[in-house]
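Just so it is clear, none of the values below were taken in a lab; they were calculated from the coordinates. Bear in mind the structure is a predicted one, so any value in this text is a computation, not a measurement. Here Cβ is always computed from backbone atoms with ideal geometry, including for glycine, and neighbour counts include all displayed protein chains.
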Amino acid sequence: MPKRILQGVVVSDKNDKTIVVKVERRFTDPLLKKTVRRSKKYHAHDESNSHKVGEMVSIRECRPVSKNKTWEVIGNEA
């Protein structure tokens with residue numbers, strides 16, 4: 001099965017080898033017919049501690065690294 005890849009903004013880098021990435025999705029509300037934005041935060045594994053708050057990154061699904069971490073960083077986005 002292919003691994004999901006998401007793009008988002010780093011909102012926290014205070015943990016060791018972990019970053020928190022906020023991923024935003026947009027969809028049309030079925031009742032109101034308006035475009036709405038929803039966001040979710042994912043803990044991602046950052047082995048080199050190289051990503052800082054505010055950067056755009058891509059994360060990929062992976063095996064569980066810890067209780068909350070099931071994503072890994074695969075690179076920066078322009």
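Quick notes
- Modelled spin-label separation between residue 33 and residue 12, with each label point placed 7 Å from Cα along the Cα-to-Cβ direction: 4.1 nm.
- Charge dipole of region 5-76 about the Cα centre (unit charges at C-beta), most positive-ward option of 31, 19, 71: 31
- Packing-based exposure ordering (other Cβ within 10 Å, fewest first) of 58, 66, 12: 66, 12, 58
- Note on residue 52 and residue 24: with the Förster distance fixed at 22 Å, the Cβ-Cβ geometry gives a FRET efficiency of about 0.70.
- Cβ-based exposure ranking for 13, 46, 29, in which fewest neighbours within 10 Å come first: 29, 13, 46
- Order of 18, 70, 28 - criterion: other Cβ atoms within 10 Å of each residue's Cβ, fewest first: 28, 70, 18
- Cleavage-rule hits, GluC sites (Glu not before Pro), region 14-77, DSSP coil, Cβ neighbours within 10 Å at most 14: 47, 77
- Which listed pairs, of 3/41; 40/67; 3/33; 17/40; 34/69, have C-alpha distances above 27 Å, in listed order: 3/33; 34/69
- Estimated D of the chain in µm² per second, where Rh is the Kirkwood radius over Cα pairs and Stokes-Einstein applies at 20 °C, 1.002 mPa s: 162
- The aspartates and glutamates whose alpha-carbon is closer than 12 Å to the alpha-carbon of residue 14, local same-chain residues fewer than 8 away aside, are 46.
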